[in-house]
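Just so you know, all these numbers are worked out from the coordinates, no wet-lab data involved. The shown structure was predicted, so the numbers you read here are calculated from the model rather than taken from an experiment. Here Cβ is always computed from backbone atoms with ideal geometry, including for glycine, and neighbour counts include all displayed protein chains.
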Amino acid sequence: MADSDVRFVEIEKLLSCVHCGLCLPSCPTYLELGTEADSPRGRILLMRALEEGRLRPTPEVTRHLDSCLGCRACETACPSGVPYGSLIEAARPFVEEHRPPVARFLRWLLDSVLTQPTVRNVATAPLRLLAGKPWTARFARATSLSLLGYAAALPEWRGVTPLPPVIEPDRELRGTAVLLTGCVAHSSFPQTTVSIARLLARAGVRVLIPPDQGCCGALSLHLGNDTRSRDLALRLSRHVSEDEADWYVTTAAGCGAHLREYGTLLPNDSGAANIGAKARDPLDLLAELGLPAPQRPLKAKIAMHDPCHLLHGQGVKNAPRELLRQIPGAELVELAEAEICCGSAGTYNLTEPGTAGRLLTRKLADIRASGADIIAAANPGCLLQIRSGAILQNMPVQIAHPIDLLARAHGLGD
């Protein structure tokens, strides 16, 4: 245990929870595990005991904190405005210091692979040979191997399409956006990034794409490495902050939510504050600016899965649905528990595969019941998680980013 004067979070924030329990029905881990220590208020009690020195970060305590997805659904449900997201993010680095050396090394290695492009490209090279191949899907089903399911869920590797540093708008200029392309989302789903750039240009946005971008730091923070997260955020803010930019957009909802916190993460950096104040989800921005009517029909039933950091982290729910309703032939149907996490949650499906698998099973059951032909999920982690589950269960449903569906409808998806 750390010395009693070591504080990882403001005690006032911990005391803001009145333990009313209104968060319980919204917490995915409480719904699945049913234990108080795996609920938001239970974890707040654990964090408070750690903060006050009444409890040590034992493996049992760490297990309950690790089981948190960080989905922030409890924040949406909380009538007292408890900032649970910032509480759990502050606790994770403290817990990380007390892990066994081997566990810390493995999490450091995962952080390095996901946040460093060169390391990531080397480490994931075998996955590119398997990505998107029909035989990979068949082998994944035959062996029930999750890793093969993830490989099959990735689009077939055709390289990352290079984008020019500037893309001029197709119509009257409405503003300028910096498109962030430095994360694992772009290397995994590069076509979605291209689709965002083209749709923004169609909406009248001048798109700036600075070269040699890096990770925003969201995944590092999720893994408890707050020092690296700040270093990555500082590097990115100095690299991409533009006075002329009106917005900063990214394909990953988790990254978008993290960007909004840049001003708090780096309080003395004006570039970070600029990015945090102007971070926008592309779907929210496109719904606000408006697009010409799409011409290509898509005759399908579409259901939306709401990524946690889009709905709870950024407060975006209606924009994707409004845009998809504009596609000729598209019929939107509601997905039961659309707001419940699928189990991806940054690196959660890699570090907590058991609970992540239970949440995925829950999500797939809801998808079956919806009768949808397509599930739209505006986050690459959710795409990978749900698509891999559908592949392993041989479900005849397409899992796609709404951006790619819109690009297809506008004739921009090739």
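Under a plain spin-label model, where a point goes 7 Å from the Cα along Cα-to-Cβ, how far apart in nm are residue 395 and residue 20?
According to this spin-label approximation, the distance is 3.4 nm.
Using a 10 angstrom cutoff on alpha carbons, build the Gaussian network for the chain and name the most mobile of 343, 42, 34.
Among 343, 42, 34, the largest mean-square fluctuation in the Gaussian network model of the chain belongs to 34.
Looking at 94, 65, 117, which one has the Cα that reaches farthest to the positive end of the dipole of the chain (charges on Cβ: Lys, Arg +1; Asp, Glu -1)?
Towards the positive end, the residue furthest out is 117.
Run the numbers for residue 268 and residue 368: contour at 0.36 nm per residue of separation, minus the present Cα-Cα distance, in nm.
Details: separation 100, 0.36 × 100 = 36.00 nm, distance 4.88 nm.
Extending this stretch completely gives an extra 31.1 nm.
Please sort by residue number the GluC sites (Glu not before Pro) in the stretch 288-371 whose DSSP state is loop and whose Cβ has at most 13 other Cβ atoms within 10 Å.
334
Calculated from DSSP H runs of 4 or more alone, at -39500 (n - 2.57) each and per residue, what is the 222 nm mean residue ellipticity of the chain, nearest 500?
Working: 25 runs with 217 residues, N = 414.
When only DSSP H runs of four or more count, the value is -14500 deg cm²/dmol.
What angle, in degrees between 0 and 90 and rounded to the nearest 10, separates the Cα long axis of helix 380-392 from the longest principal axis of the Cα atoms of the chain?
80 degrees
Just how many pairs of Lys in the chain have C-alpha atoms closer than 19 Å, counting pairs that are eight or more places apart or on different chains?
On the way: 278/317; 301/317; 301/363; 317/363.
Lysine pairs meeting both conditions in the chain amount to 4.
So how far, in whole Å, is the C-alpha centre of the stretch 371-409 from the one of the stretch 10-35?
If you average the Cα positions of each part, the centres end up 30 Å apart.
Considering the zone a paramagnetic label at residue 293 would reach in this model (a point 7 Å from Cα along the Cα-to-Cβ line), which residues of the stretch 380-414 have amide N under 16 Å from it?
What the label zone holds, given the 16 Å backbone N cut-off, is 409-411.
Between residue 125 and residue 86, take the C-beta separation as r, use R0 = 45 Å, and let me know the FRET efficiency to the nearest 0.05. All intermediate terms of the calculation are to be shown ahead of the outcome.
Details: r = 37 Å, r/R0 = 0.82.
In this case the efficiency is close to 0.75.
Fewest Cβ neighbours within 10 Å first, please rank 139, 105, 189 accordingly.
105, 139, 189
Assuming 0.36 nm per residue, please report the length gained on full extension of the stretch residue 76 to residue 58 beyond their Cα-Cα distance.
Working: separation 18, 0.36 × 18 = 6.48 nm, distance 2.99 nm.
Gain on extension, residue 76 to residue 58, equals 3.5 nm.
Quote the charge dipole size of the chain about the Cα centre in Debye, to the nearest 20; the model charges only the Cβ of Lys and Arg (+1) and of Asp and Glu (-1).
1180 debye
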